[in-house]
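What follows draws every value from the coordinates through simple rules; no lab data is involved. If you're wondering where the values come from, they're calculated on a predicted model, not measured in any experiment. Note that each Cβ is placed from the backbone with ideal geometry, even for glycine, and that neighbours are counted across all protein chains shown.
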Amino acid sequence: MKQDRRHWLKLVGLVAVGVGVQRGGAIAAPVRRVLPEGLSGGPLRLSSNENPYGPSPKARAAMAEAVGLSNRYQWDMILGLMRAIAAKYSLAEANVLVGAGSTQLIDAVVQHAAMNKGSFVVSAPTFSRWTGAAEQSGLQKIEVALTAQKKNDLNGMLAAMRADTQLVYLCNPNNPTGTYCRREDILLFLKEATKKALVLVDEAYLEYSDEASLAGLVAENRNLVVVKTFSKIYGLAGARIGYALGHEKTIEKIGALQSGSNIGISAVSLAGALASLKDEDFVKETQFKNATARAYASAHMERLKISCIPSCTNFIYFSLAKYQEDFFARLKVHNIEGTNLFEEQGKWSRITVGTEAEMEQFINAIS
Ligand code: PLP
């Protein structure tokens, strides 16, 4: 097994660069799924960009302990988490809104933006689970194609903004493409865009990259909200917990639209999130394992004539235009769940980076 690992690392060139990440051994062992009676293991899920190693050991211990606290409302824990999040970005707790997953907070931001009728601007493709609800709220969708490198087209988004635009959504790094825009470019973009409308930056995958968060900017800018989640690098997707960061006046207005702002998270999830923030080793371990498995998978996909966009996340965007086989049929036969096509033209699809063993299973299936 060790031999195989070295072989992989060699293949993907990581042995040579050494990858200066602390090795934690058993810290982030893949999680064996123990399912309640009546639920089958199901397919190998490489569709939802989850962390196959999480929750972190510290989070698991804290969550188990918090079960016993579940008879009481946990006001102190909520405040504790909000303070810990604020401290991470040198903000105040008034800049923080927590909720049951970042999707819920994106919805709250949309609700706030939709108080005035008008439009919202998004890349295409991007994370779009919420856009139907935004349209239902009365906002008209304006889509902007990505650049040829499959990045958010910041200038195109600026140009697409209209006088009635209430919201611009920027997913950085972008889902499904795994690309990011440089901080300098985003700062220029924000300078213009936030003069005219609220900009929501979604950093769900930022921790997989080496980029710095934009969160620190919210205290000075009423038209910037940054949304983040514990679902990805922290491995808490099933615990449902995320947060939004904004200017205190903006957070106050968004919070006022919820009858229970900040109280939608269970004691168990609060405990998991708090412990996760302190488990730096787990984050580093996940980054390292993800980068290794991603490089392995991309190298083999390229060998199979599946061209991959360089990714800084835990998923890979690729074109099947030159692939000789029926990709989706192969996934089906091997009981692997991927996604559908995002862009028909060019046959672009996405696969989540699982564990090394899972990526080996995936590569064998499509070889
Ligand atoms: N934002 C992006 C870009 C995502 O890809 C996802 C989930 O896949 C989410 C938000 C939602 O995350 P949560 O589990 O916090 O609702």
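General remarks:
- Separation of alpha-carbon centers, segment 88-131 and segment 284-358, rounded to whole Å: 28
- Label-to-label distance, nm, for residues given as GLN324 and ARG83 (7 Å Cα→Cβ offset): 6.3
- Ellipticity estimate at 222 nm from DSSP helix runs (n ≥ 4, -39,500 (n - 2.57)) divided over the chain, nearest 500: -11500 deg cm²/dmol
- Derived scalar couplings ³J(HN,Hα) [segment 338-344; Karplus, 6.51 cos²θ - 1.76 cosθ + 1.60; whole Hz; x for Gly, Pro]: x, 10, 7, 6, 9, 10, 4
- Here the relative contact order of segment 280-367, from alpha carbon pairs under 8 Å that lie six or more residues apart, stands at 32 percent.
- Charge dipole (debye, nearest 20) of segment 253-325; +1 at Cβ of Lys and Arg, -1 at Cβ of Asp and Glu: 240
- With a cut-off of 11 Å between beta carbons, the residues surrounding ASP164 carry a summed charge of +3, where Lys and Arg count +1 and Asp and Glu -1.
- Rounded to 0.05, the FRET efficiency of the LEU341 and LYS141 pair, given R0 = 22 Å and the Cβ-Cβ distance, is 0.65.
- Positive-end ranking of SER261, GLY238, TYR296 along the dipole of segment 232-357, with charges on Cβ about the Cα centre, is headed by TYR296.
- Computed from point charges on the beta carbon alone (+1 for Lys and Arg, -1 for Asp and Glu), the dipole magnitude for the chain about its Cα centre is near 360 Debye.
- Given the chain, longest segment not containing exposed loop trypsin sites (Lys or Arg not before Pro) (DSSP; at most 11 other Cβ within 10 Å): 130-321
- Annotation: amide H-H contacts under 5 Å for GLN140 (H modelled 1.01 Å from N, sequence separation of 5 or more, or interchain): GLY118, SER119, PHE120.
- Taking other residues whose beta carbon is less than 12 angstrom from the beta carbon of SER266, and scoring Lys, Arg as +1 and Asp, Glu as -1, yields +2.
- Taking the chain and dividing mean pair separation by its residue count, relative contact order in percent (alpha carbons under 8 Å, at least six apart): 24
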